[in-house]
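Let me begin by presenting the structure, written as structure tokens, before commenting on it.
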Amino acid sequence: MRVLLFVEGEMEQKGLPPCLSTYYQQSLGRRIRFQPICFRGSANYVGELAKKVRMHLEAKASGDILAAFGIVDLYGLPLHLPGWQNKGIADKVSLARKHFETQVGHPKFRQFFAVHETEAWLLADSARLPDPVRKALPGRCTRPEEVNHDMPPAKLLDKLYRDKASRGYQKSIDGVNMLRDLSPDTVSGKCPHFREMLTELTTLVTAGVPA
């Protein structure tokens, strides 16, 4: 069985499928192929998502597709919806999810968000970070999905890498490697929006894939 992952960039494309495959193999004994479909950033994701999802889900060889999950950063998401800029996190997630799922219009599709960036998940599982960087994390990183504003997660990591590791954080290398080894259970304990996504995915996997 396959789960399609519609993601906005290379980090998620290369890191998330092996992370989830390993997790379900170890925790549930399920072998699932997570197939990434990558966009060129969030603007491309917003503009092309509905077309790409329908193309894959309506293809002749789509019978083994269990679900299709869209995953995009909430930070910087270029949506032009009524009152978007003034809404809080929960309202933005609810509004954007309804927007994308309505656009796609397919029962197998679910939309989720990294709040505010995928790097929040790395902050949640900080054991994956180099020791000097991990030890320098500010206290607010105990709630990684609240790290935003002038210093969103990726910028925070880049600053800490430069200050403590004498180099910048590299999304396509550091981010990919840490995401591959991420503990979804650990991240779920600190990131409610990630936990919601993992819970729904686990429900689908448990129901649809034999042990």
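Axis of helix 10-28 versus longest Cα principal axis of the chain: the two differ by about 70°, to the nearest ten degrees. Each of 8, 146, 117, 101 was scored by other Cβ atoms within 10 Å of its Cβ. Listed from fewest to most, they are 146, 101, 8, 117.
Of the beta bridges in the chain, as assigned by DSSP with both residues counted there, near 0 percent are antiparallel.
Enumerate the residues in the range 52-67 having an amide nitrogen under 11 Å from the point lying 7 Å beyond the Cα of residue 106 toward its Cβ. Once the point is set 7 Å along Cα→Cβ of residue 106, 52-63, 65-67 turn out to lie under 11 Å by backbone N, inside the range 52-67. Between the helical axis of 41-57 and the longest alpha-carbon principal axis of the chain there is an angle of about 30 degrees.
Subtracting the Cα-Cα distance of residue 206 and residue 26 from their residue separation scaled by 0.36 nm leaves 63.5 nm.
Among 133, 116, 83, whose Cα sits farthest toward the positive end of the charge dipole of the range 66-211 (+1 at Cβ of Lys/Arg, -1 at Cβ of Asp/Glu, about the Cα centre)? Of the options given, the answer is 133.
Each label was represented as a point 7 Å from its Cα along the Cα-to-Cβ direction; for residue 58 and residue 164 these points are 4.9 nm apart. 3J(HN,Hα) along the range 178-193, derived from phi through the Karplus expression 6.51 cos²θ - 1.76 cosθ + 1.60 where θ = phi - 60°, amounts to 6, 5, 4, 9, 4, 9, x, 5, 5, 5, 4, x, 10, 10, x, 6 Hz, with x in place of Gly and Pro. The DSSP beta bridges internal to the range 1-101 are antiparallel in roughly 0% of cases.
Cross-link partners of residue 51 among lysines, defined as those whose alpha carbon lies under 26 angstrom from its own and excluding same-chain residues fewer than eight positions apart: 14, 60, 92, 98, 108. For residue 208, neighbours were defined as the other residues whose beta-carbon sits under 14 Å from its Cβ, and their charges (Lys and Arg +1, Asp and Glu -1) total +4. Remark: the chain carries a charge dipole of roughly 240 debye about the Cα centre, counting +1 on each Lys and Arg Cβ and -1 on each Asp and Glu Cβ. About its Cα centre, the dipole of the range 27-106 is roughly 180 debye, where the only charges are +1 on Lys and Arg Cβ and -1 on Asp and Glu Cβ. The separation of the range 103-169 from the range 22-52, counted between C-alpha centres, amounts to 19 Å. The convex hull of the Cα atoms of the chain, projected and averaged over all directions, covers 11.4 nm².
Here the Karplus relation 6.51 cos²θ - 1.76 cosθ + 1.60, evaluated at θ = phi - 60°, turns the backbone of the range 110-127 into coupling constants of 10, 10, 9, 9, 8, 10, 8, 9, 4, 4, 4, 5, 5, 5, 5, 9, 5, 4 Hz, with x for every Gly and Pro.
Listed peptides 172-179, 147-154 appear in the order 172-179, 147-154 once ranked by packing, highest mean of other Cβ atoms within 10 Å at the front.
What net charge do the residues around residue 83 carry, taking every other residue with its C-beta under 12 Å from that of residue 83, with Lys and Arg at +1 and Asp and Glu at -1? Charge balance in the 12 Å sphere: +1. Each Lys or Arg adds one and each Asp or Glu subtracts one; over the other residues with Cβ under 13 Å from the Cβ of residue 106, this totals +3. The amide H of residue 6, built 1.01 Å from its N in the peptide plane, has 37, 69, 70, 71 as neighbours under 5 Å, considering only residues 5 or more places off or on other chains. Once the Cα atoms are used to define both axes, helix 153-164 deviates from the longest principal axis of the chain by about 30 degrees.
Laboratory data are not the source of any read-out in this text; all were calculated from the coordinates shown. Keep in mind the model is a prediction, meaning the values are calculated, not measured. No Cβ is skipped: glycine too gets one built from the backbone with ideal geometry, and neighbour counts run over all protein chains shown.
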